[in-house]
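Step one of this worksheet: look at the structure below.
Please treat every number below as a calculation from the coordinates, not as lab data. Bear in mind the structure is a predicted one, so any value in this text is a computation, not a measurement. Positions of Cβ are generated from backbone atoms using ideal geometry, with glycine treated the same way; all protein chains shown enter the neighbour counts.
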Amino acid sequence: TLRGIYHAQLNADGTHAGLLQVPGSPGGGCSAKENRHVSMNGREVFKLATRGIREACGQVLQQSGFASEQIDFFVVHQANQRILAAVAKQLG
């Protein structure tokens with residue numbers, strides 16, 4: 001039985017930053033004392049996150065040479081259970 005981490009994939013894409021942001025954050029014309037809130041296009045963030053995680057898992061499989069059946073866990077930096085469940089369903 002093989003154990004350990006055999007491959008890691010790090011992806012980042014700032015082109016969709018407007019979908020999840022804190023408007024008026026420091027550097028954006030707002031003082032630290034002003035009330036700020038998170039602005040999010042939830043549907044689009046969900047779509048991008050599920051697609052991105054699915055693609056990263058595919059990249060890991062391709063670059064590691066393992067088949068999905070040989071993998072016990074993918075560890076992703078994502079705390080949203082709905083996104084993780086959707087990716088798991090899509091990957092089978």
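For this structure, a couple of remarks:
- Residue-count net charge about I71 - beta-carbon cut-off 15 Å; Lys, Arg +1, Asp, Glu -1: 0
- In sequence order, region 79-86 has phi-based couplings of 9, 7, 5, 5, 5, 4, 5, 5 Hz under the Karplus curve 6.51 cos²θ - 1.76 cosθ + 1.60, θ = phi - 60°, and Gly or Pro positions carry x.
- Ordering I53, Q81, S39 by Cα displacement along the dipole of region 38-91 toward the positive end leaves S39 in first place; charges were set at the Cβ atoms of Lys, Arg (+1) and Asp, Glu (-1).
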